[in-house]
Amino acid sequence: MSKLPNITTSIFSVMSQLANQHNAINLSQGFPNFPVDERLLQLSVRLQRENIHQYTPMAGLPSLLEKIAALTLKKYLRNVNAATEIMITAGATQGIYTAINTFIGNGDEVIILDPSYDSYEPSVLVAGGKPVRVSLNEDYSPDFNRIETAITSKTKMIVINNPHNPTGKIWNASDFEALETILEKHPQVLILADEVYEYISFLHPHISFHTRKKLINRTIIASSFGKSLHVTGWKVGYLIAPEHLMNEMKKEHQFLVFSVNSFSQHAISEYLDIVNFDEISKMYLKKRDLFQSLLKDSRFELMPCEGTYFQVVNYKNISQKNDVDFAKELITEHGVAAIPISVFYNDATDRKMLRFCFAKTDETLIEAAKKLTKI
Ligand code: PMP
Ligand code: GLN
């Protein structure tokens, strides 16, 4: 018997594979194709010869935990205890899975805002919980009436992804205030904040749950070094949560992974001394602007992109096909891969939207745009 009878292969694998088969430019799955920082490569080569190849402590390499605490203090002015409130995970994916499986049991309801990242729902289902999918507004802002109505006595958690994949939307201060007002009435509800794109925001600074004092005691925040340091294949992320929640998650983590690979932890720990996180948004802003300017005369309509490295476009002037079929046609007929947005909705809402990843070299973006502007 399957625990996930309706779950198929992730759209990211499907589209990347199709892109490879047809030799298409892959703007689908979210990963950079530009070179990794030479300084990270150099220190990695040196570290390989050092004595760093055995298990680290279960919750993470102590020096890395300390540096994450320092980073959190610098960026968010939040003091976290490195020993008790941070845990290194095998990517944010595992952090999210662990957080959900630690706190969700049979029949517990978890509110997920659609379009939603594809790992949330299966993680809830495996835990025996009930995903409650609530659509965002048409402009992808949260609809607090719908959120409030969805909360019941069984609601145990709400998952909030900000900056938002796939839409690039960022919450503003009044969104947080509205959520705080609602959750005051529901003290049993935990927040799982997926902030893997915390360093990629353009219009206004990203507001993190780290700074929300009213909710912080019941919030678990997931971050990803894969996203922040452009090394998605390293699969290293971390969770930050108050000690009483972290203690429970550590119990699960030690039997799911025990400790995350030592090499990446050592390399990232050293790299954090030299990397400048302020450069990340600037670099992606240039790429977003380049991609937008290249597509401005195309028949695709560009949606606002406030953060993340994803550009959503509407193709209703080009085709009336559903977005999954159109994304496939884009690969096979035009040589560019994108992600259809309908797959992130419970009811497959099809608004003729595609997501392009612009974490690519300028050459790749220019080549892709040449193809896209011809359509
Ligand atoms: N959450 C979101 C919103 C993502 O886009 C991704 C993909 N990076 C993840 C979580 C998973 O991150 P990781 O690759 O660190 O597992
Ligand atoms: N987060 C990446 C994206 O949104 C995909 C990660 C994955 O393939 N699981 O494209």
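The values are calculated or read from the model by the stated rules, or taken from the named source; none is laboratory data. All of these numbers come straight from a predicted model, not from anything done at the bench. Cβ sites come from the backbone with ideal geometry, for glycine too, and all protein chains shown count toward neighbours. Please note that ligands, DNA and RNA were not included when accessible areas were found on the heavy atoms of the full protein model with its side chains. Shrake-Rupley method; radii C 1.70, N 1.55, O 1.52, S 1.80 Å.
Descriptive notes on the structure:
- On inspection, ALA193 qualifies as within 14 Å of ligand 1 (Cβ to nearest atom) and either among the polar types (S, T, N, Q) or over 23 Å from LYS286 (Cβ atoms) (or both).
- Residues located in segment 310-353, provided they are touching a Pro at 6+ places or on another chain (Cβ under 6 Å) and closer than 17 Å to SER10 by Cα: ASP323, VAL324, ALA327, ILE341, PHE344, TYR345
- Restricted to segment 98-138, and to residues there that are of a type in the set (Phe, Trp, Tyr) and open to solvent by 20 Å² or more (accessible area, probe 1.4 Å), the residue that is farthest from ligand 2 (Cβ to nearest atom) is PHE103.
- Residue list for segment 136-181, filter: of a type in the set (S, T, N, Q) and assigned to a loop (DSSP other than H, G, I, E, B): ASN137, SER141, THR152, SER153, ASN162, ASN165, THR167, ASN172
Residues checked against (1) more than 16 Å from ligand 2 (Cβ to nearest atom); (2) free of Cβ contacts under 8 Å to residues at least 24 places away in the same chain:
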{"site": "ASN161", "(1), (2)": "no, no"}
{"site": "ILE200", "(1), (2)": "no, no"}
{"site": "HIS204", "(1), (2)": "yes, no"}
{"site": "LYS213", "(1), (2)": "yes, yes"}
{"site": "LEU239", "(1), (2)": "yes, no"}
{"site": "HIS253", "(1), (2)": "yes, no"}
{"site": "VAL260", "(1), (2)": "yes, no"}
{"site": "PHE263", "(1), (2)": "yes, no"}
{"site": "SER269", "(1), (2)": "yes, no"}
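Here is a yes/no grid of residues against (1) at pLDDT 95 or above; (2) over 19 Å from SER224 (Cβ atoms); (3) open to solvent by 20 Å² or more (accessible area, probe 1.4 Å); (4) away from ligand 1 (no atom under 15 Å from the Cβ):
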site: THR8; (1), (2), (3), (4): no, yes, yes, yes
site: PHE34; (1), (2), (3), (4): yes, no, yes, yes
site: LEU40; (1), (2), (3), (4): yes, no, no, yes
site: ALA59; (1), (2), (3), (4): yes, no, no, yes
site: ARG78; (1), (2), (3), (4): yes, no, yes, yes
site: ILE96; (1), (2), (3), (4): yes, no, no, no
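- Residues located in segment 16-71, provided they are within 18 Å of SER259 (Cβ to Cβ) and either hydrophobic (A, V, I, L, M, F, W, C) or in a helix (DSSP H, G or I) (or both): LEU47, ILE52, MET58, ALA59, LEU61, PRO62, SER63, LEU64, LEU65, GLU66, LYS67, ILE68
- Close pairs (6 angstrom Cβ cut-off, 6 or more residues apart or separate chains): among the acidic types (Asp, Glu) in segment 108-136, within 16 Å of ligand 2 (Cβ to nearest atom) anywhere: ASP114/TYR345; ASP118/SER10
- With respect to the conditions (1) assigned to a helix (DSSP H, G or I); (2) under 24 Å from ASP278 (Cα atoms); (3) free of Cβ contacts under 8 Å to residues at least 40 places away in the same chain; (4) open to solvent by less than 60 Å² (accessible area, probe 1.4 Å), ALA92 falls short on a single one, namely (3).
- For segment 200-218, the tally of residues that are over 20 Å from LEU285 (Cβ atoms) and either open to solvent by 10 Å² or more (accessible area, probe 1.4 Å) or within 16 Å of ligand 1 (Cβ to nearest atom) (or both) stands at 9.
- Segment 185-199 - residue that is of a type in the set (Val, Ile, Thr) and open to solvent by less than 10 Å² (accessible area, probe 1.4 Å) and, of those, nearest to ILE96 (Cα to Cα): ILE191
- So LEU256, is it over 26 Å from TRP171 (Cβ atoms), open to solvent by 20 Å² or more (accessible area, probe 1.4 Å) and touching a Lys or Arg at 6+ places or on another chain (Cβ under 8 Å): no
- Every test in (1) without any contact (Cβ under 8 Å) to a residue 40 or more places away in the chain; (2) out of contact with any helix residue (DSSP H, G or I) (no Cβ under 8 Å at 6 or more places or on another chain); (3) not in a loop (DSSP other than H, G, I, E, B) is passed by MET246 save one, and that test is (1).
- Pick from segment 114-135, criterion charged (D, E, K, R) and not in a helix (DSSP H, G or I), ranking: nearest to VAL343 (Cα to Cα): ASP118
- Meets criteria (under 28 Å from ASP289 (Cβ atoms), open to solvent by less than 60 Å² (accessible area, probe 1.4 Å) and assigned to a strand (DSSP E or B)) for LEU330: no
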